[in-house]
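The values are calculated or read from the model by the stated rules, or taken from the named source; none is laboratory data. This one's a predicted model, so the numbers in the text were calculated from it and none came from an experiment. Positions of Cβ are generated from backbone atoms using ideal geometry, with glycine treated the same way; all protein chains shown enter the neighbour counts. All accessible areas refer to the heavy atoms of the entire protein, side chains included, with ligands and DNA or RNA removed. Shrake-Rupley method; radii C 1.70, N 1.55, O 1.52, S 1.80 Å.
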Amino acid sequence: MFEKWLELGLKKGITDLEIFSTQSKSLKLSFYEGKVDQNVVSNVSSVSIRGVYDDKLARVYFENLSDDNAEIYLDALIENAKAISVKEPAIIYEGSEKYPEVDEKPFDFSSVPMAKKIELVKTLESEVLKNEYVSQLETTVYQEVASKTVLVNSKGLNLEKENTYAYVYAIGVFKKDEDIKTAFEIKLVKDFNDIDPIALAAKTIETGVAKLGGKTIKSGSYPVVFKQNMFANLLGAFSSTFSGESAYRNLTQLKDKVGEEVAVPSFNLVDDPLTDKALFKTPFDDEGVACSQKYLIKDGVFKGFMHNLKTAAIFNEAPTGHGFRGGISSTNLYVEPGTLSFDEMIKDIADGVYITDLVGLHAGVNAVSGEFSAQAGGFKIKDGKIDHPIKMIVVSGNFYKMIKNIHSMDKELEFTTSFIGSPNVYIKELMIGGE
């Protein structure tokens, strides 16, 4: 089928043509008050074709690849190209010299009996409800996904990758007197047997109970420690600053700063598609470029931008394997951890804040200026130890200044479900708005 599309596209005057096809199967189970309230099975295929026509690169999206609709979508691609007035590099990739091998066999979640999946979710639900402070569960969810991607083009490129994963969580409503909080912990796995519902319930309870009884604090400047996932979320909100697209459009302060010190020397930011530290490995991007490890910041020095084919051509650099979903994004982006334990890292903080929650982060972020402001919650750090929970505060600062003001990182690296990882990160000083 691919051959017919490629052949027909070339006959229509499309100089180069690429077909990117994804098949995704998923199952979602959700529970409320001990009963299944959702059992959703989906099987979705999506296709995008990119083609160069009259030296302009156009794209068309649709659902199913069929010989019957080849004429329609290829003609639509040509019409889209005719409508493009901006002159930018139009490239269909001929392929990398070598592609990394991902030595992993995807787990077949569909082979696990449905009864076992339901029992897992019921166990998680009942274990969380055992806690005296849990008044109810908003929902308990199990979802599994299997995807297969095929990329072929008229230059002879033919690539394929598969991925499977599942995740489970329970959102608990925790109540103590008049104080009400919600909390959950997500477990993301590549093997069904790695899910321990009792351990996940215990972690969910620990997170929820710790939030109860929070107090606000006086406004001022404090040493601030971000929990792993909170610093990862903050980093994710500013990830576009490391994109070649942002550099091309003058939307990042890092433009023209390659080789300059932009963070403390102990700060290393790396994107590694094949790291064993993360759950997912990515051998090639959506444009067919081989993925490889890239330091964005090494020893505090900015090493360069993430590029897709277009921005690499604009800056006369090699593509970095970051062309995803029609733009530029990271694979497994993370801050390299330090060597200290958490307790060792905070032992000299006499009066500080440990942030474990950020709300409305993207609404309070200006990726160009680096300014951020978000509602937050967490714990007071007193005399080198975690003291009492705090709430109703706002943390604000500037991302570019903040990474120059890092005191240390501990050794506890964790990845979020957005594939961004971080240890706990200690910032010497940030503004906290409270009383």
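Hey, what do the phi angles of the stretch 321-336 turn into as Karplus ³J(HN,Hα) couplings, whole Hz, using 6.51/-1.76/1.60 and θ = phi - 60°, x for Gly and Pro?
x, 10, x, 10, 6, x, x, 10, 8, 7, 9, 10, 8, 8, 8, 5
Residue by residue, what Karplus-based ³J(HN,Hα) values in Hz, rounded to whole numbers, does the stretch 403-409 have, using 6.51, -1.76 and 1.60 with θ = phi - 60° and x for Gly and Pro?
6, 8, 10, 6, 7, 6, 10
Take peptides 81-94, 146-159, 412-425 and line them up by average Cβ neighbours within 10 Å, highest first, as a rough protection proxy.
Ranking the peptides 81-94, 146-159, 412-425 by packing returns 412-425, 146-159, 81-94.
Could you work out how much longer the chain between Glu132 and His388 gets when fully extended? Use 0.36 nm per residue separation minus the Cα distance between them, nm to one decimal.
Value of the extension gain: 90.2 nm.
Setting aside same-chain residues fewer than 8 positions from Lys401, which aspartates and glutamates have a Cα under 15 Å from its Cα?
Glu260, Glu261, Glu371, Glu429
Ranked highest first by the average count of other Cβ atoms within 10 Å around their residues, in what order do 388-395, 34-41, 171-178, 282-289 fall?
Packing proxy ranking, top to bottom: 282-289, 388-395, 171-178, 34-41.
Sorted from largest down, give the three principal axis spans of the alpha carbons of the stretch 330-435, whole angstrom values.
Principal extents (largest minus smallest coordinate, Cα): 36, 35, 25 Å.
Which entries of Lys155/Lys310; Lys303/Lys428; Lys227/Lys380; Lys161/Lys303 show an alpha-carbon separation above 22 angstrom in the structure shown?
Distance filter (> 22 Å) returns Lys303/Lys428; Lys161/Lys303.
Starting from the Cα gyration tensor of the stretch 142-290, take the square roots of the eigenvalues, sort them a ≥ b ≥ c, and report rounded, prolate or oblate (rounded when a/c is under 1.5, otherwise prolate if a/b is larger than b/c, else oblate).
Here the stretch 142-290 falls in the oblate category.
At 7 Å along the Cα-to-beta-carbon direction for both Ala363 and Ser111, put a label point, then send me their distance in nm to one decimal.
So the two model labels end up 4.6 nm from each other.
What ³J(HN,Hα) values, in whole Hz, does the Karplus curve 6.51 cos²θ - 1.76 cosθ + 1.60 give for the stretch 429-435 when θ = phi - 60°, with x put for Gly and Pro?
Values per residue, Gly and Pro as x: 6, 9, 7, 10, x, x, 5 Hz.
Starting from the Cα gyration tensor of the stretch 1-159, take the square roots of the eigenvalues, sort them a ≥ b ≥ c, and report rounded, prolate or oblate (rounded when a/c is under 1.5, otherwise prolate if a/b is larger than b/c, else oblate).
Judged from the Cα gyration tensor, the stretch 1-159 comes out prolate (a/c at least 1.5, a/b above b/c).
Can you pick out the pairs among Lys211/Lys382; Lys28/Lys190; Lys98/Lys148 whose Cα atoms lie more than 27 Å from each other?
Pairs exceeding 27 Å: none.
Excluding Leu413 itself, calculate the net charge of residues whose Cβ lies under 11 Å from the Cβ of Leu413, where each Lys or Arg counts +1 and each Asp or Glu counts -1.
That sum, taken over residues with Cβ under 11 Å, equals -2.
Pick out the long, greasy-scoring helices in the chain: whole DSSP H runs spanning 24 Å or more along their own axis by Cα, mean Kyte-Doolittle at least 1.0.
Length and hydropathy pass: none found.
Calculate for the chain the 222 nm mean residue ellipticity that helices alone would give, adding -39,500 (n - 2.57) per DSSP H run of length 4 or more and normalising by residue count, nearest 500 deg cm²/dmol.
Computed mean residue ellipticity for the chain: -5500 deg cm²/dmol.
Can you tell me which of 222-228, 351-357 comes out highest on packing, and rank the rest after it, using the mean Cβ neighbours within 10 Å?
Averaged packing, sorted descending, gives the order 222-228, 351-357.
Let a ≥ b ≥ c be the square roots of the eigenvalues of the Cα gyration tensor of the stretch 38-124; is it rounded (a/c under 1.5), or, if not, prolate (a/b larger than b/c) or oblate?
Prolate.
May I have the convex hull volume per residue, in Å³, for the Cα set of the stretch 126-183?
Convex hull volume per residue, Cα atoms: 94 Å³.
Could you work out the local net charge near Val145, counting Lys and Arg as +1, Asp and Glu as -1, over the other residues with Cβ closer than 10 Å to its Cβ?
+1
In angstroms, what radius of gyration and Dmax does the stretch 203-348 have, counting Cα atoms only?
18.2, 56
When the Cα centres of the stretch 407-427 and the stretch 189-217 are compared, how far apart do they sit, in Å?
Each part's Cα centre sits 18 Å from the other's.
Using the 2.2 N^0.38 Å rule of thumb for compact globular proteins, work out how the stretch 1-85 stacks up: its C-alpha Rg over that value, please.
Rounded to two decimals, the normalised Rg is 1.53.
Heavy atoms only, probe 1.4 Å: what % of the accessible area of the chain goes to carbon and sulfur, would you let me know?
Here carbon and sulfur together make up 48 percent of the probe-accessible area.
If you count the DSSP beta bridges with both ends in the chain, what percent of them are antiparallel, to the nearest 5?
Within the chain, antiparallel bridges account for around 95 percent of the total.
What is the distance, in nm, between label points placed 7 Å from the Cα along the Cα-to-Cβ direction at Asp276 and at Asp67?
4.8 nm
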